[in-house]
1. Quick one: is residue A:20 open to solvent by 10 Å² or more (accessible area, probe 1.4 Å), hydrophobic (A, V, I, L, M, F, W, C) and outside any helix (DSSP H, G or I)?
2. Is the range B:329-342 home to any residue that is surrounded by fewer than 20 Cβ atoms within 10 Å (Cβ to Cβ), over 26 Å from residue B:85 (Cα atoms), away from chain A (no Cβ under 14 Å) and under 30 Å from the mean Cα position of the chain (by Cα)?
3. Please verify whether residue B:123 is under 30 Å from residue A:207 (Cα atoms) and modelled with pLDDT of 95 or more, treating the condition exactly as stated.
4. Consider only pairs whose beta carbons are under 6 Å apart and that are at least six residues apart or on different chains; among these, list those whose first residue lies in the range B:270-284 and is under 13 Å from residue B:222 (Cβ atoms) and whose second residue is of a type in the set (D, E, K, R) and in a loop (DSSP other than H, G, I, E, B).
5. Which of the numbered conditions does residue A:133 fail, given that it passes all the others? Conditions: (1) of a type outside the set (Lys, Arg); (2) within 23 Å of residue A:103 (Cα to Cα); (3) under 14 Å from the mean Cα position of the chain (by Cα); (4) assigned to a loop (DSSP other than H, G, I, E, B).
6. Please find, within the range A:45-67, the residue that is most open to solvent (accessible area, probe 1.4 Å) out of those that are of a type in the set (D, E, K, R) and more than 24 Å from residue A:159 (Cα to Cα).
7. Answer yes if at least one residue in the range A:156-174 is among the hydrophobic types (A, V, I, L, M, F, W, C) and assigned to a strand (DSSP E or B), and no otherwise.
Amino acid sequence: MEKVLNTNIKNVFRLLTENVVTPKAVIETALSRVKQFENHNAFIAVTESQAKRGAERSQRRYDANQSLSELDGLPIVVKDNFCTKEVATTCASKMLENFRPTYNATVVERLESAGAVLLGKSNMDQFAMGSGTVDSIYGPSRNIWGYQDECNFHIAGGSSGGSSIAVATGMCYGAIGSDTGGSTRNPASYCGVVGLKPTYGLVSRWGLIPLVNSMDVPGVLARTVDDCVSILNAIAGFDPKDSTSLTKPYRKIRLPDGKNMSLKGLKVGVPVEYFSELLSPEVHEVWNEVANLLEAEGAEVRQVSMPNTEHSIVCYSILNQCEVASNMARYDGVEFGYRSDDNESTEKLFASSRSFGFNEVVRNRILTGNYFLLTRNYEKYFNKALKVRRLISNDFHDVWENVQILLTPTTLTTAPLYQDFIQKTNRDQCALQDYCTQPANMAGVPAVSIPIKLSSEGLPISVQLIGRNLSEPMLLAVAKYIEHVVSFPHFVNKLT
Amino acid sequence: MRVTRSLLSDKNRRYLSQLAKSSPKWQSVVGLEVHAQIASESKLFSGAANKFSSPINSNVSLFDAATPGTLPVLNQRCVEAGVLTALSLNCRVNPVSYFDRKHYFYADMPSGYQITQQRAPLAENGHLEFHVFTPGVHKSPYKAHAKLKQLQLEQDSGKSLHDFDRSLVDLNRAGAPLMELVFEPDLADGEEAAALIKELVNILQRIQTCSCKMEEGAFRVDANVSVRRPGDPLGTRTEIKNIGSVRGVAGAIKYEIQRQIKVLEANGTVVNETRSWNPEKKETIAMRDKEIQQDYRYMPEPNLPPLHIVMGPIRGGGVNADEIKERIPELPEQTRQRLEQTFGIRQEHCIILVNDAGLLRLFEAAQIGRALSAQKLANFLINELYKTLHEMDLEASDVKFNPDYLGEIVELIEAGTINRPASEMVLRQLLEGNPDRPLQIVENNGWKQITDEAELRLLCRQVLQENEKGLKQYLGGKSKVFRAFMGAVYRKSNERADMKKCDTLLKEILGELSKRKVD
């Protein structure tokens, strides 16, 4: 039975349809897998009883030969910044510790109507502000790779670290993360799973508690590209509740078999600006290996230049803090969220609720963002950042004239040790961690991180593919091809 | 240089006449900002109902409560209402406009910001011509003009209810759609401001984009007031917030102008501040206002794409300004011109008729199928009907009986069947619900005018006989007594005598009497 968790969605669906396994058994095994890896702190809440009820409903559908989709009866994990009806949605914060939404995010709604069973809400950095899944009021998540004990471990990456661990350990086949500057791809890279940041607007943001509205996208984490596609197919497409969602009808992606694909003639760009001096030699080597591999398989690989990449991080930092300052203004303790006892005056109630409800990272970003937005600073910071964002976005437009796809590292190094990671401030870490992932969010283009091999220390190394808007079918096909060639040694393989 | 009158614009003429009639030392400058709630089914960015006087917190969607994860979806009906209003006010509609967030903390604004249009409003550069005429203040009407700087869409806030030891919040109004109309400071005083508001209300009610019910807060007026010496740059202004009635607008501005002049004449300085109007005490009071130095930290609203308004013959999707333009009904100024040109009605009567939609409806309905003098009908409505309505504490819109009856009454007066006092009695009966036709009412009550000369002559003689003392005085040269005789005749006839005829007859009889005396 344990083996069932380590396989892929197509296989499980077949087994379920043929009645070899039952949804109840799958969910119960998944729940025991959750217990097995408790030490890694992947979850903020495990929705055990709900999951069991969901499995029973799914069971009845399979009994009646009326399964809803290939996800029917399969466990799914959702990051704790997506609203789940009647299930606490905390954003790993004191502010929303007791927040129980009365509605489902569109992503959650669509997964539920595909029959998927919510296993739990995963750990993250508070309000997704971070890149390590360490700034959570529920404590840090701990990577499975190179794990020694509760004090000596590598970070999972973030901010969707919990979802990545859940996928890597086989608690589920796929999980939902969010990606604003790399929050899905970064932990995917460190945990050795596939992490997709779809085109901005392809997947609805309704019910995703925002970080930076103009860059946030729901992300998909899975062990295989095919599983990633199955989940994307269930959640993508126009949503009238999100005015920024794309109205063009979504056509479900069907990928050919890895064996039957050819990369002949594919134009691949390697942007020189991604050679950071902080890039570790091992990651650099893997990047080269993949470039060589693609070339050997018939692709045309060439160097390209995206000169504004270096400004991306500072530009992002300004836009992020401005939107954070604005988005966080609603947390005043009146309608929802943490409310302090200090109700001497409305102003005092606001001030104390906010100062206790948010951690230092959130408070700092609010303060800085508000400073940037002051009338006297608006031109100098916010507006300038918008212009730089346009330049970065134009770099992508220009590069698509010559290549179809970009190949870059996802992260500069393998997963850092927790003790090393926390030496730097959240701000410095974000600047470092988001270096390769962040520009795609500026331009809204899709990007996917795929694990390639293990480092000498036994930690996953991944690469990132970036494509033009709505090029997911091609992007994921190439990812699948690479996946097929490199056969990454997944963590779950060790569990059989 | 000699300036001939014809060279002066209306405005200059007004200005000069003002200098002449009041203190020549000061000139006042007034600008208005209006918040008009759009009369839509649902709110600007959510599906919650946009209804007044619903149970507290019953029209609140997740978005209106700023629930995390929710997003705004623009209500197309509100955009259409905004465009219709903009076009009716001669604005240039922007093909692309944007939404912005305006940040400030307030308990009844759940998201901590208001979504408004700061960078590029829905429409700009409108203008409005209107007539200034307050009977009792102005002898005759004059035309004034105000430029509309911009019209933007924005969200309303909720309401805070303050108890002595706690505050409660009602979010029914939070997120309700507003049009903010910002006028240039083109007005000279409170009467002009009130006239502008009246005209605006009139237009918005005709195009049905706002109920304009000031008592429900559906239409709120802020006024910017400053005074200066003629020729000087603009003085420091104060802002009077949330004035709740048209007469309040006139009163508040008048008070504020005089207050500022008093301050300046005492060598004081006018402080830039927000004031409120107290309609009971008839004065403006400085509000405790910590928000003056507030920096709203505007930011583009990232969850809403730019708002595109289609112009020209492109069909399908979005709001089309040209299509909306065709929906504009006859506007008040056109109605006034039509009344003046088609019916030859006096200008001040046109103004009065058009300022009261209920009265105008009666006027137009009463004409149908009758060859009436329109001016006489207008006179009757403005005099007898208004007087009777006023006595009964009713409005023209409360008239429920068949408007054709009004035409009939005017015809009865014109035919001499009844006199004016009798017409008012008929009106009273009709307003009280008497279902009979006016002629029927007249006959049932015996209110017909006495026009028979023999009968009237008899009445006159009787009055003179009963009033020997007065007659002696009259014959002795005191012609004033004539009016007393007329009054007596009228009373004796139970107010039914045709007094025009009596005037002639009485003079005739008196003439004979005085001749006899001389003889």
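1. So residue A:20 fits the description; yes.
2. yes
3. In short, no.
4. B:274/B:289
5. Answer for residue A:133: the failing condition is (2).
6. In this case the residue turns out to be A:60.
7. The answer is no, given that none of the residues of the range A:156-174 is among the hydrophobic types (A, V, I, L, M, F, W, C) and assigned to a strand (DSSP E or B).
Every residue, every condition in (1) at positive phi; (2) open to solvent by 10 Å² or more (accessible area, probe 1.4 Å); (3) at pLDDT below 95, yes or no:
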position: A:128; (1), (2), (3): yes, no, no
position: A:152; (1), (2), (3): no, yes, no
position: A:161; (1), (2), (3): no, no, no
position: A:166; (1), (2), (3): no, no, no
position: A:176; (1), (2), (3): no, no, no
position: A:202; (1), (2), (3): no, yes, no
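The values are calculated or read from the model by the stated rules, or taken from the named source; none is laboratory data. Quick caveat: nothing in here was measured; it's all calculated off a predicted structure. Don't worry about glycine lacking a Cβ; one is built from the backbone with ideal geometry, like all the others, and counts go over all protein chains shown. Calculation scope for accessible area: heavy atoms of the full protein, side chains included, ligands and nucleic acids excluded. Shrake-Rupley method; radii C 1.70, N 1.55, O 1.52, S 1.80 Å.
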